[in-house]
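Here the structure comes first, spelled out in structure tokens, and everything after it is commentary.
The values are calculated or read from the model by the stated rules, or taken from the named source; none is laboratory data. Bear in mind that the values here come from a model prediction, so they are computed numbers and not experimental data. When we count neighbours, we look across all protein chains shown, and the Cβ atoms used for this are built from the backbone with ideal geometry, even at glycine. We work out accessible area using only protein heavy atoms, side chains counted, and drop any ligands, DNA or RNA first. Shrake-Rupley method; radii C 1.70, N 1.55, O 1.52, S 1.80 Å.
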Amino acid sequence: MAARPFVDQPVGDVDAARSLAEGVARRLDLPQPTLVRVGMNALFRAGDVVVRVGRPSAPPELAIELAHRLHEHGIAAPTPAAQEAYVDSDAFVDGDLAATCWVPLAGTGEPIDWREVGAIVRRVHELTPADLPVGYPLPAPTSFPWWDFDALMVDVGTEIDEVGRSGLQTAIVRNAAWRGLDGARVVCHGDVHPGNVMTTAGGPVLIDWDLMCVAPPGWDHAMLLTLSERWGGDASAYPAFASGYGQSMADDATTRRFAELRNVAATLMRVRAGRTDPAARAEAELRLRYWRGDADAPMWHAQ
């Protein structure tokens, strides 16, 4: 089993990413690319193509092959952009940066059809590793660096007040049984949340497959369990998702552990980001109010 997901390092140097995207545009005779957004990857728009630049842990061409495999199994995922015959690779590499080209998704602005998203995730969970490209990473999600709670608490614990730190540590200890990963394991998308769903005229498309993993099925349910409670999302989202999936995991003990620990990780990562980003620090303070037991703790904001 792979030790790392397909992408677990941020793109980092945006200027270097831009330079690579510009090189891709010249190679494919595309318009000058413009930056759309930066997260773990940097996305650039070049005419009718999105150039995605990141630091993959495996050959970048596997992302293209994965998309084709997902489509073959009726799974709504982004579509690779067709490239001219003279281009001898589906990916473009510069050092540890790699770029791939994709068809832009046209969002409708309509609410997410969570029932259909649940059906998509069910189809993902029915895949076997043999259905995916040879070499595409499928680690255990608990190997992700942001899931190493002991290391995170050592790293940022001194930056958190005693009450907040105690609340976080209590949640970590309370859910310690996650380490066993009890039960069946399936192929998971790895990061199902509203920001990774695009509503198009053809229905919802599940995007950002960089954290695919093998885990208990509840891993892909967990975030939605606290969507309304902590993130201000639609309370009907998880019931609709579970209906489309064909099963609710709201009462599954492992899924509940994942749900709370995702929120622990989300808080600790905001504290870390807050060292250099004032907006992240402000958001971390909002999240810490919950762990301090504040009955009026505000909803959290995805960033």
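Observations, loosely collected:
- Net charge over other residues, Cβ less than 12 angstrom from the Cβ of V51 (K, R count +1; D, E count -1): +3
- Fraction of alpha-carbon pairs over 14 Å apart in the range 249-292 - percent: 52 percent
- Relative to its residue count, the chain spans a Cα convex hull of 139 Å³ per residue.
- Panel values: the range 87-140, Kirkwood radius from alpha carbon pairs, Stokes-Einstein at 25 °C and 0.890 mPa s, translational diffusion coefficient 162 µm²/s.
- Both the radius of gyration and Dmax for the range 199-303 are 15.2, 44 Å, in that order, over alpha-carbon atoms.
- Kirkwood-based shape ratio for the range 1-125, expressed as Rg/Rh from alpha carbons: 0.98
- Label separation (D96 vs A177): 3.9 nm, computed from points 7 Å beyond Cα along the C-beta direction.
- With Cα atoms, 0 to 90° folded angle of helix 14-28 axis to the chain main axis: 30 degrees
- Element breakdown for the range 163-303 at a 1.4 angstrom probe: carbon and sulfur atoms account for 53% of the accessible area.
- Basic side chains Lys and Arg get +1 at the Cβ, acidic Asp and Glu get -1 at the Cβ, and with that the dipole of the range 1-128 about its Cα centre reaches some 300 debye.
- Distance between modelled label sites at D13 and T108, nm, 7 Å Cα→Cβ extension: 4.3 nm
- Rounded to 0.05, the FRET efficiency of the M40 and A295 pair, given R0 = 25 Å and the Cβ-Cβ distance, is 0.15.
- Förster radius 51 Å - calculated FRET efficiency between A201 and Q169 (Cβ-Cβ, nearest 0.05): 0.60
- Mean accessible surface per residue for the range 12-58, computed with a 1.4 Å probe while every protein chain stays in place, in Å²: 50 Å²
- Relative packing of peptides 211-221, 26-36 - highest average C-beta neighbours within 10 Å first: 211-221, 26-36
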